[in-house]
Amino acid sequence: MRFDRPIGIALLLWPTWWGLFMAGDGRPGLANLVIFTLGVVVMRAAGCVINDFADRDLDPHVARTESRPLASGELRPPQALMLFFVLLAVAFALVLLTNPLTVMMAFFGALLAGTYPFFKRFTHLPQVALGTAFAWAIPMAFAAETGNVPEPAWWLFALNIVWVLIYDTEYAMADREDDLKVGVRSTAILFGRLDVPIIAALMGLLVAGLIVFGLRFVPHPAWFTGVAIAFGLLQHQLWRIRNREPTACFKAFLSNHWVGFTLFAGLQASLLMRG
């Protein structure tokens, strides 16, 4: 597993736990905690497989991805597809242990997971598709824990999409020159020289949304402390990417798991202390 892929699991796990712990008022059911944690690992693996399948003709032309199994010939496309469907079957078996609403929502989640890697071929907004795929675990977690999807779930869903748009644009900035050569589209290419100011604006939108979420649903100092720390971490990322140097942009992307952890810690502390 490449060293960015464990980070990918964390970037999916923290928002999933935001939803699960928020829905469970800080104490979600153990069964759902296990199901969704295992589900994150399985679905992230499935996402990596289908992403590599989608990019199998592009990855050999990019230095950072030329050693991926499909790009290097270590794995054949039919084998990758078989692995993808096996992983989907495992994830579906896990979701069958929840409730009918969650099972129904899982079909849309599977569609998102199977299609988001292809969006970069025809739109400059594949990061939005990725954000939707990642964020869908949040309403699913609410559905599993409470049997419905209330307003806080959709707030967290939208906020997570903004966050993914931030960090996956940073990721795309690291690959921008290679992507331009092979014809892949991304928000980094769409934003051009306005990429850093737009990311700064998105960070402002994210923090503002987190503050409003706290005022509405978790009005506790611990939440706002977490948001303040996350704001500082985001500003450090902004400083890192200021010169658009690819390695610095990639490191900024990798550091986002601390943002997710900080927000989860602030949320959990708020839920437990208010109870």
Query raised in the report: Which of (1) surrounded by 15 or more Cβ atoms within 10 Å (Cβ to Cβ); (2) touching a residue at least 60 places away in the same chain (Cβ under 8 Å) is the odd one out, the single condition ILE229 does not satisfy?
Result: (2)
**Report entry** Whichever residue in region 1-43 is of a type in the set (Gly, Ala, Ser) and not in a helix (DSSP H, G or I) and, among such residues, is farthest from ASN160 (Cα to Cα)
**Finding:** GLY29
Requested in this report: Determine if region 137-145 includes at least one residue that is among the β-branched types (Val, Ile, Thr), surrounded by fewer than 24 Cβ atoms within 10 Å (Cβ to Cβ) and assigned to a helix (DSSP H, G or I).
Outcome: no
Requested in this report: Return yes or no: is PHE85 without any contact (Cβ under 8 Å) to a residue 12 or more places away in the chain, under 20 Å from the mean Cα position of the chain (by Cα) and more than 26 Å from PRO246 (Cα to Cα)?
Outcome: no
Query raised in the report: For region 109-151, how many residues are farther than 24 Å from GLY260 by Cα and among the aromatic types (Phe, Trp, Tyr)?
Result: 3
Query raised in the report: Is there a residue being at positive phi and part of a helix (DSSP H, G or I) anywhere in region 186-206?
Result: yes
**Report entry** Which listed residue, of PHE134, PHE118, PHE191, PHE108, is out of contact with any Asp or Glu (no Cβ under 6 Å at 6 or more places or on another chain), free of Cβ contacts under 8 Å to residues at least 60 places away in the same chain and under 24 Å from LEU83 (Cα atoms)
**Finding:** PHE108
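Are any of the residues in region 81-91 in contact with a Leu (Cβ under 6 Å, 6 or more places away or on another chain), under 27 Å from LEU165 (Cβ atoms) and not basic (Lys, Arg)?
No.
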Report summary line: How many residues of region 120-164 are of a type in the set (Phe, Trp, Tyr) and at pLDDT below 95? The answer is 2
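From the list ALA46, ALA71, which residue is of a type in the set (Gly, Ala, Ser), farther than 19 Å from GLY114 by Cβ and part of a helix (DSSP H, G or I)?
Being of a type in the set (Gly, Ala, Ser), farther than 19 Å from GLY114 by Cβ and part of a helix (DSSP H, G or I) holds for just one of ALA46, ALA71, which is ALA71.
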Query raised in the report: Quick check: is even one residue across region 95-105 in a helix (DSSP H, G or I), of a type outside the set (Gly, Ala, Ser), in contact with a Phe, Trp or Tyr (Cβ under 9 Å, 6 or more places away or on another chain) and within 30 Å of ILE198 (Cβ to Cβ)?
Result: no
Requested in this report: Given the conditions (1) over 19 Å from the mean Cα position of the chain (by Cα); (2) buried (at least 18 other Cβ atoms within 10 Å of the Cβ); (3) not acidic (Asp, Glu), report the number of the one that GLY192 does not fulfil.
Outcome: (2)
Requested in this report: Could you give me the residue pairs with C-beta distances under 7 Å whose first residue belongs to region 48-62 and is touching a residue at least 12 places away in the same chain (Cβ under 8 Å) and closer than 12 Å to LEU87 by Cβ, whose second residue is among the basic types (Lys, Arg) and surrounded by fewer than 21 Cβ atoms within 10 Å (Cβ to Cβ) wherever it lies, and which are 6+ apart or on separate chains?
Outcome: CYS48/ARG5
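The values are calculated or read from the model by the stated rules, or taken from the named source; none is laboratory data. Keep in mind the model is a prediction, meaning the values are calculated, not measured. Using ideal geometry, Cβ is built from the backbone for each residue, glycine included, and neighbour counts are taken over all protein chains shown.
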